[in-house]
Amino acid sequence: MNILNLIRWKNLLMIATVQLLIKYAFLDPFDADIMFNWFGMALLILSTLCLAAAGNIINDIYDVETDRVNRPHKVIVGKKVSEKMAYNLFVIFNVVGILIGFYLSHMVGRSGFFALFVIISALLYVYATYLKQTLLIGNIVISILVAMSILIVGLFELLPAITPQNQPTQLFFFKILLDYALFAFIINLVREITKDLQDIDGDYKADMNTLPIAIGRERASKVLFALTFLPLFAVVYYLMTYLYKQPIAVAYFLLFIIAPLLYITIKTYSAKTKKEFHHISNVLKLVMVFGMFSLLLYRYILIQ
């Protein structure tokens, strides 16, 4: 169980779920031209999860000092799992993820796609060892990587199968995935800054240069409040532009995405304590989950 907590199994489950939803709830029902059968998709999910697990491990290794202040009851490396074991697992997950990525790249006839897995692995390491301590850059990089967990399915499933005949359809599906990836990027960026406000005490002792430390907790809270309008306005725009004729989609987005985002904006305006920022972070994660399951709606949206 300690190793499962070390690799953040709940987060990995979310990644696997959204990738399965993309394939089996979004692409397969509409007969999009795709590259993978169930085996190829399983390998893509496994590769993604291995790289994400490796990233979570190296992040925990370098976060021990801050975690002892911010969340001492959740410290795993050096307490429940030895640092040597953690490093070994980091290497194993990375090697497996990259090797599977090499195989998948050749399977779809795009050997250059292999570089994507190497870049993701390298960025996760650099994030944990250096970028996490820099002002906003670490927040942006990790949010890009979260978005890539969505976009990578489209890159492997749709792009290699493009022909002159199906190009408009393939790009239509890819554009929707791009919208979801952008939504995931924005939500995660807001959540990363929320977590920085939550963890300011431990980050300060570890000499990190997060936004709250650089400009102060009060100013960072105001920046966070302003940023919460981005996903709110983006979802409202998307709903009014593309889905306004679909009552099921309108009801779902209003109830499970727009309402929680509005709640987050209101809560952020007055949030000051660690407990309040932790609550906002959890609600943001819930919004990501609801956004993920909105993929199930497209079988009702696109057939009309």
May I ask you to list the residues in the stretch 254-291 that are outside any helix (DSSP H, G or I) and of a type in the set (Ser, Thr, Tyr)? Thr273
Is there any pair linking a residue in the stretch 276-304 that is more than 18 Å from Leu177 (Cβ to Cβ) and charged (D, E, K, R) to one that is part of a helix (DSSP H, G or I) and at pLDDT 95 or above, with Cβ under 8 Å and at least six apart or on different chains, and which? Glu276/Lys267; Lys285/Arg191
I'd like to verify a number: residues in the stretch 176-198 that are under 15 Å from Val283 (Cβ atoms), acidic (Asp, Glu) and in contact with a Pro (Cβ under 7 Å, 6 or more places away or on another chain), how many? 0
Out of the residues in the stretch 98-111 that are crowded, with 18+ Cβ neighbours inside 10 Å and not aliphatic (A, V, I, L, M), which is farthest from the chain's Cα centre (by Cα)? Ser105
Set Tyr269, Tyr263: member being of a type outside the set (A, V, I, L, M, F, W, C), more than 21 Å from Leu295 (Cα to Cα) and in contact with a Phe, Trp or Tyr (Cβ under 7 Å, 6 or more places away or on another chain): Tyr269
For the structure I just gave you, tell me whether Phe225 is touching a Gly at 6+ places or on another chain (Cβ under 9 Å) and either closer than 13 Å to Thr268 by Cβ or part of a helix (DSSP H, G or I) (or both). no
Going residue by residue through the stretch 231-242, is there one that turns out to be in contact with an Asp or Glu (Cβ under 9 Å, 6 or more places away or on another chain) and without any contact (Cβ under 8 Å) to a residue 40 or more places away in the chain? yes
Output yes when any residue across the stretch 237-251 is aliphatic (A, V, I, L, M) and closer than 17 Å to Leu189 by Cβ, and no when none is. no
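For (1) over 17 Å from Ile7 (Cα atoms); (2) crowded, with 19+ Cβ neighbours inside 10 Å; (3) modelled with pLDDT of 90 or more, each residue gets a yes or a no:
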position	(1), (2), (3)
Ser82	no, no, no
Tyr87	no, no, yes
Val96	no, no, yes
Phe113	yes, yes, yes
Tyr130	yes, no, no
Leu135	yes, no, no
Matching residues, the stretch 255-275, being touching a residue at least 12 places away in the same chain (Cβ under 8 Å) and farther than 18 Å from Asp179 by Cβ: Pro260, Leu262, Tyr263, Ile264, Thr265, Lys267, Thr268, Tyr269, Ala271, Lys272, Lys274
For the stretch 1-80, please list each of the helices (runs of 4 or more DSSP H) lying entirely inside it that holds at least 1 residues being more than 18 Å from the chain's Cα centre (by Cα). 2-6, 38-62, 64-70
For the stretch 18-39, indicate whether the set of residues that are of a type in the set (Val, Ile, Thr) and either surrounded by fewer than 18 Cβ atoms within 10 Å (Cβ to Cβ) or farther than 24 Å from Tyr300 by Cα (or both) is non-empty. no
Ile15 versus (1) loosely packed, with under 15 Cβ neighbours inside 10 Å; (2) modelled with pLDDT of 95 or more: which is the lone unmet condition? (1)
Run down Ala16, Ala54, Ala32 and say which single residue is closer than 22 Å to Phe290 by Cβ, touching a helix residue (DSSP H, G or I) at 6+ places or on another chain (Cβ under 7 Å) and of a type in the set (Gly, Ala, Ser). Ala16
Which of the residues spanning the stretch 179-222 are out of contact with any Lys or Arg (no Cβ under 8 Å at 6 or more places or on another chain) and among the polar types (S, T, N, Q)? Asn188, Thr194, Asn209, Thr210
Of the residues that sit in the stretch 193-204 and are buried (at least 23 other Cβ atoms within 10 Å of the Cβ) and touching a residue at least 60 places away in the same chain (Cβ under 8 Å), which one is nearest to Leu262 (Cα to Cα)? Thr194
Filter result for the condition that a residue is within 29 Å of Phe172 (Cβ to Cβ) and buried (at least 16 other Cβ atoms within 10 Å of the Cβ), over Leu261, Leu224, Leu254: Leu261
Name, by its number, the condition in (1) in a helix (DSSP H, G or I); (2) surrounded by fewer than 16 Cβ atoms within 10 Å (Cβ to Cβ) that does not hold for Asp207. (1)
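The values are calculated or read from the model by the stated rules, or taken from the named source; none is laboratory data. The structure presented is a predicted model; accordingly, all values stated were derived computationally and were not measured. For neighbour counting, all protein chains shown are included, and Cβ atoms are generated from backbone atoms with ideal geometry for every residue, glycine included.
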